[in-house]
Amino acid sequence: MNSLSVDATGLPDIGKYPYDTTCQRLRNRFRIEVPGKIDFKLEQFEVLNHHKAVNLRDTFAIKNPCGDSYILLLDTDINTHSINQQEKSSAASFQPWALAYLKRNFGRIIIRTETIVDKIREVIFPIEFDIRDDKPFSKRFYVLTDDRQKAETAMTKEFRDAVMSIKKSDFVIEIFEHTLIIGNHKPVTPENTLYLADFVAKLAELKC
């Protein structure tokens, strides 16, 4: 097993926790390796475009016979505004995101927990993609797509069940064709990182 560690250079001095603990928890639950350099083409994901900068600091591969999935530790600069919107500043954030490669081509899809605002907006602008034969999924999640036919074909019952198994509600999923990324813009902690890792590891099983 190769050594796992987080490059904490320049990060806030908060001691070894949560970075070392996150690595240990990942190692305890999965077979983890540090892969070679991979271009994940993160620039194609809208969920990361509001950042001033996105730098991939660490990558951990979750090994699986059906296909690897990945934990990405991103060093980001977040554009922020003052209350009067006249002053703009940048705040650094160190976030875990998880990535998986999918068997089917989804086109471009955004999935997140549906809010009251979404329900009101849908009455005026019917842009949400609903799964007609899966009301529990459609009730819980807000889905946007640029290709309804691809979405209907790719979002199988197995895929929807995997998404439904996520107990938390503070995440966003974006899929660009065969590549899925999931995160919540929260900082690295063992709990946050593991819940994202659990999901993409489950998706890897669907490729078998």
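Model label points for Phe40 and Asp134, set 7 angstrom from Cα along the Cα-to-Cβ axis, are 2.4 nm apart.
Inter-label distance, Lys207 to Thr153: 2.0 nm, where each label sits 7 Å from its Cα along the C-beta direction. Considering only Cα-Cα distances, which of the following residue pairs are longer than 25 Å: Lys139/Lys202; Lys41/Lys139; Lys52/Lys202; Lys135/Lys202; Lys52/Lys186; Lys63/Lys135? Violating the 25 Å Cα-Cα cut-off are Lys41/Lys139; Lys52/Lys202; Lys63/Lys135.
Every read-out reported here was derived from the displayed coordinates using simple, explicitly stated rules and does not represent laboratory data. All figures in this text were calculated on a predicted structure; none of them were measured in a lab. Note that we place each Cβ from the backbone using ideal geometry, even for glycine, and neighbour counts take in every protein chain shown.
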